[in-house]
């Protein structure tokens, strides 16, 4: 016969305040900085940790000179308390939201794609599904592998990814954008003179200007020496601020051109050998809304094919 838990028996659990102080002190390796982080006094943090060590019956920190160092027991305890505090925080957020963050449809996309194309259109998808929690995650530049918690990832490439099903979305087409107030004489007919016209560069994709020049057939002279930026999002912002010309995927600036935030001084829009793809990780059970989101993406991008 199974024994029922004794309602009078207290759980062997330290106070939450002590755990928060321990977590902060271990992260900062300083009682003083932990106190600043938590809005407490240094002596208050010290008392909480002393009480936690007394509760556990072993030291969690030791001092080596002026340095605060975790003991072996403290390192193991930190891993568990940090995870559990995170779970407590998630549970609290879930309760306030009335739904679990684990139910979210997680979409990862390059920051430039997300900021300049996806986010401005996202309301068209969420309006029909107000109860669905959508989470947009920015992908690091050059990211290949799809993170474990992501349901659908947008990537630029040629269609070969390991451990993921790849669905084509649209080809990548390049365009040159210019500040709306750039004088017309700077873009007069004839060879593009990089020695006279201010130009900007993509540090992550330094071949974009040459790809556009070869694909468009536009003659040019001089060297490209303008400032470099590591994302198309920063390049678009720099052009809008009047810094010069830049080559970017046209998908990112179609809206900005319509709004007059930047302009396209050339009609040439050559395609690159790469395309945009939607990746679904094979190791993850599909979210019930993944296929619907993918169908919506395909519909929105149909004019770009």
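Looking only at the stretch 60-82, which residues are under 19 Å from residue 15 (Cβ atoms), surrounded by 13 or more Cβ atoms within 10 Å (Cβ to Cβ) and without any contact (Cβ under 8 Å) to a residue 24 or more places away in the chain?
Matches in the stretch 60-82: 73 only.
Filter the stretch 278-295 down to residues that are more than 15 Å from residue 165 (Cβ to Cβ) and surrounded by fewer than 18 Cβ atoms within 10 Å (Cβ to Cβ), then give me how many there are.
Qualifying residue count for the region: 2.
Name the residue, out of 85, 118, 132, that is surrounded by 14 or more Cβ atoms within 10 Å (Cβ to Cβ) and modelled with pLDDT of 90 or more.
118
Here are 294, 279: which of them is closer than 18 Å to residue 110 by Cβ, outside the structural domain of residue 176 (by TED's automatic domain parsing) and either outside any helix (DSSP H, G or I) or more than 25 Å from the chain's Cα centre (by Cα) (or both)?
When all the criteria are applied, what remains is 279.
Quick one: which residue in 251, 235, 243 is within 30 Å of residue 286 (Cβ to Cβ) and outside any strand (DSSP E or B)?
251
Each row is one residue, and each column tells you yes or no for (1) within 13 Å of residue 74 (Cα to Cα); (2) touching a strand residue (DSSP E or B) at 6+ places or on another chain (Cβ under 9 Å).
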| position | (1), (2) |
| --- | --- |
| 15 | no, no |
| 19 | yes, no |
| 45 | no, no |
| 48 | no, no |
| 51 | no, no |
| 61 | yes, yes |
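Determine whether the stretch 48-70 contains at least one residue that is under 35 Å from the mean Cα position of the chain (by Cα) and over 20 Å from residue 17 (Cβ atoms).
There is at least one residue in the stretch 48-70 that is under 35 Å from the mean Cα position of the chain (by Cα) and over 20 Å from residue 17 (Cβ atoms).
Please verify whether residue 217 is surrounded by fewer than 15 Cβ atoms within 10 Å (Cβ to Cβ), modelled with pLDDT of 85 or more and over 24 Å from the mean Cα position of the chain (by Cα), treating the condition exactly as stated.
Criteria met by residue 217.
Of the residues that sit in the stretch 220-264 and are at pLDDT below 90 and touching a strand residue (DSSP E or B) at 6+ places or on another chain (Cβ under 6 Å), which one is surrounded by the most Cβ atoms within 10 Å (Cβ to Cβ)?
The extreme case among them is 224.
The values are calculated or read from the model by the stated rules, or taken from the named source; none is laboratory data. Quantities reported herein were computed from a predicted structural model and do not represent experimental measurements. Note that we place each Cβ from the backbone using ideal geometry, even for glycine, and neighbour counts take in every protein chain shown.
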